[in-house]
Amino acid sequence: MADQAAGSAHHPEIDWDAAAQSPEFQELVRRRRSFVVPVLAFVFVWYFGFIALAGYAPDFMGERLIDGFTVGYLLALSQFVMTWFLGWLYLRQSDRVFDPLAKRAAERALESSKTQAPS
């Protein structure tokens, strides 16, 4: 396995700059960015909001919900749930959108390299 080429060395015949400019690859980049950027913004707000509440609203975070279970504990545990949920959401989006686009972009790059290869 260690002697197998990876990355651009795996297909040296492909013009990687042209592949990056292909409409299929550009669509993949656009769709992935349009998913990742809003999710990342949400994660930052969720996480740093929790940190800010812990620092600036200790009375609110200490509110008891059930017995010794507080709002702070609920929000802390929700960080784990949110991480798993967003991971699942990304995998779902990847299977349905990103992977098919990546496959089309790769096929286009291979086709383009075959048509440009000298005979």
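Identify all residues within the range 83-119 that are exposed (fewer than 15 other Cβ atoms within 10 Å of the Cβ) and aliphatic (A, V, I, L, M); write none if there are none.
L89, L91, L110, A117
So that you can scan it fast, the table gives a plain yes or no per residue for (1) surrounded by 11 or more Cβ atoms within 10 Å (Cβ to Cβ); (2) in contact with a Phe, Trp or Tyr (Cβ under 9 Å, 6 or more places away or on another chain); (3) at pLDDT 95 or above; (4) polar (S, T, N, Q):
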{"site": "A2", "(1), (2), (3), (4)": "no, no, no, no"}
{"site": "A6", "(1), (2), (3), (4)": "no, no, no, no"}
{"site": "D15", "(1), (2), (3), (4)": "yes, no, no, no"}
{"site": "A20", "(1), (2), (3), (4)": "yes, no, no, no"}
{"site": "Q26", "(1), (2), (3), (4)": "yes, no, no, yes"}
{"site": "V36", "(1), (2), (3), (4)": "yes, yes, yes, no"}
{"site": "F48", "(1), (2), (3), (4)": "no, no, yes, no"}
{"site": "E63", "(1), (2), (3), (4)": "yes, no, no, no"}
{"site": "I66", "(1), (2), (3), (4)": "no, no, no, no"}
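Would you confirm whether any residue within the range 76-99 is touching a helix residue (DSSP H, G or I) at 6+ places or on another chain (Cβ under 6 Å), assigned to a helix (DSSP H, G or I) and over 26 Å from F35 (Cβ atoms)?
No; the residues of the range 76-99 include none that is touching a helix residue (DSSP H, G or I) at 6+ places or on another chain (Cβ under 6 Å), assigned to a helix (DSSP H, G or I) and over 26 Å from F35 (Cβ atoms).
Has the range 46-68 got any residue that is farther than 18 Å from Y90 by Cβ, part of a helix (DSSP H, G or I) and of a type in the set (S, T, Y)?
Yes, the range 46-68 contains at least one residue that is farther than 18 Å from Y90 by Cβ, part of a helix (DSSP H, G or I) and of a type in the set (S, T, Y).
Taking the stated definitions as given, is A109 part of a helix (DSSP H, G or I) and in contact with a Leu (Cβ under 7 Å, 6 or more places away or on another chain)?
Values: part of a helix (DSSP H, G or I): yes; in contact with a Leu (Cβ under 7 Å, 6 or more places away or on another chain): no.
No: the conditions fail for A109.
Within the set of pairs 6+ apart or on separate chains, which have a first residue in the range 33-47 that is at negative phi, a second that is among the hydrophobic types (A, V, I, L, M, F, W, C) and part of a helix (DSSP H, G or I), and C-beta atoms under 7 Å apart?
Every condition considered, the pairs that remain are V39/L86; V43/L86; W46/M82.
Checking the condition without any contact (Cβ under 8 Å) to a residue 60 or more places away in the chain and of a type in the set (K, R), which residue from R104, R64, R108 passes?
Numbers: R104 fails: without any contact (Cβ under 8 Å) to a residue 60 or more places away in the chain; R108 fails: without any contact (Cβ under 8 Å) to a residue 60 or more places away in the chain.
Result: R64 is the single residue among R104, R64, R108 that is without any contact (Cβ under 8 Å) to a residue 60 or more places away in the chain and of a type in the set (K, R).
Looking only at the range 20-53, count every residue that is among the aliphatic types (A, V, I, L, M) and over 21 Å from the mean Cα position of the chain (by Cα) and tell me the total. Break it down into steps so the answer makes sense when it comes.
Taking the range 20-53 and keeping what is among the aliphatic types (A, V, I, L, M), we get 20, 28-29, 36-37, 39-41, 43, 45, 51-53.
Then keep just the ones that are over 21 Å from the mean Cα position of the chain (by Cα); that gives 51-53.
Adding up the residues that qualify gives 3.
The values are calculated or read from the model by the stated rules, or taken from the named source; none is laboratory data. All values reported here derive from a predicted model rather than from experimental measurement. We place every Cβ from the backbone using ideal geometry, glycine too, and count neighbours over all the protein chains shown.
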